[in-house]
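The values are calculated or read from the model by the stated rules, or taken from the named source; none is laboratory data. Just so it is clear, the model here is predicted, and its values are computed rather than measured. FYI the Cβ positions are ideal-geometry reconstructions off the backbone, even for glycines, and counts take in every protein chain you see.
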Amino acid sequence: MKAIKSEFQMKALMKNWLYLFVGIGLAVVVSASCSVKTSDLYEDGGLLWQVSGNGLRDTSYLLGSMHNIKGTFMDSIPGARKAFDEAEQLAVENDYLSRDSASYSFKSYLYMPADTTYEMLYHDLRQYEYVDSTLKAMQFFRYEAFKPLFWMSLLESIKGYKGLERKDIMDIYILLQGIEHKKEIVYLEETGEVDRRQERLDSLRYQAIDLPLQAYFLHESLRNFSKKEDGSRMIQAYKGQNFRLLSEIIVSERDSVPEETEMLTKERINRLDSFLDCFYRMTGSDRNHAWMSKLPGLMQKRPTLVVVGVAHLAGEEGLISLLRKEGYEVKPVIEK
């Protein structure tokens, strides 16, 4: 990893990677999680769903993406290329291409207090020495200016998108394909809306996780940084195009409660739980309902391919269920 020699370079790295990791998804796909609450909501199907009925002249489609999967995976999804070709309009979450690196602002809550050092946060000096030497080996020589959560988020985002160029990330790849094929492009959210939500969630996250716990998370993140993640259940379920299993994984991650430990005290767990409830609502169900105010009109106007994180499709507040409640017929596209 090259040394970061200027604040602008740091902003570029943060905007290109941390934005994708946290803005599109704080934990890649988990950020898109909706409130899947009961097992009877799990449904067989794949990643592509057709929408018809309720007065639609033409069939539209929902395609569930995964933000850290290569875009060419789209062509392995049965019916996806046909749906893309038939669609006159492409609707995506937001304008991924408009991210301006220089516009990323470093908020005051990102910085370490003047009277606190990293060494003070670790009871075990060996943990501090490991964090210190590892971050310096990554050429983050001035790392102590920022809180541990800043570095943990950045490192996890880099790890999540390792080996992917920005243009190859699935949602960006499909958006670029839409532009190349002269599709009408619709952004379901404005850039300002995305940035305001991101700032609000960032602020809440730093309030919910105190400095010693941030230090603990950073140490664990660094220890696991080089471990391969391709075998994760979520990625495997996605590549297997198993919508039922994806839904089950989403709800298990959404509702799991960590066991109490010396670091994860009951008070800390309660703070984290309150933050995560807010996080899943703001990044999941709130967005789905907002999009539902736009999707019927878009699909009525012209055949549309809607590409959003796959977890936005699942559950009682997912787009599949919400569209059905409005009278649309939503069925999985099954390979014949």
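Summary of values
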| quantity | calculated |
| --- | --- |
| Any chance Lys167 is touching a Leu at 6+ places or on another chain (Cβ under 8 Å) and either in contact (Cβ under 8 Å) with a residue 24 or more places away in the chain or not β-branched (Val, Ile, Thr) (or both) | yes |
| Lone qualifier among Thr72, Thr116 - being closer than 30 Å to Thr59 by Cβ and not aromatic (Phe, Trp, Tyr) | Thr72 |
| Condition check for Ile320: out of contact with any helix residue (DSSP H, G or I) (no Cβ under 9 Å at 6 or more places or on another chain), closer than 25 Å to Met74 by Cβ and among the aliphatic types (A, V, I, L, M) | no |
| Check on Arg287, closer than 29 Å to Glu129 by Cα and either at pLDDT 85 or above or in a helix (DSSP H, G or I) (or both) | no |
| Any hit, the stretch 265-279, residues being touching a residue at least 60 places away in the same chain (Cβ under 8 Å), surrounded by 14 or more Cβ atoms within 10 Å (Cβ to Cβ) and out of contact with any helix residue (DSSP H, G or I) (no Cβ under 9 Å at 6 or more places or on another chain) | no |
| Condition check for Gly163: of a type outside the set (D, E, K, R), modelled with pLDDT under 95 and closer than 30 Å to Ile77 by Cα | yes |
| Pairs with Cβ under 6 Å, 6+ apart, first in the stretch 76-97 and aliphatic (A, V, I, L, M), second surrounded by fewer than 16 Cβ atoms within 10 Å (Cβ to Cβ) | Leu90/Ile185 |
| Matching entry among Ile250, Ile174, Ile179, Ile209 (being surrounded by 15 or more Cβ atoms within 10 Å (Cβ to Cβ), closer than 30 Å to Gly297 by Cβ and modelled with pLDDT of 90 or more) | Ile174 |
| Some residue of the stretch 187-203 being modelled with pLDDT of 95 or more, surrounded by 15 or more Cβ atoms within 10 Å (Cβ to Cβ) and either under 16 Å from the mean Cα position of the chain (by Cα) or assigned to a helix (DSSP H, G or I) (or both) | yes |
| Residue within the stretch 225-237 that is in a helix (DSSP H, G or I), among the aromatic types (Phe, Trp, Tyr), under 28 Å from Ser105 (Cβ atoms) and in contact with a Leu (Cβ under 7 Å, 6 or more places away or on another chain) present | no |
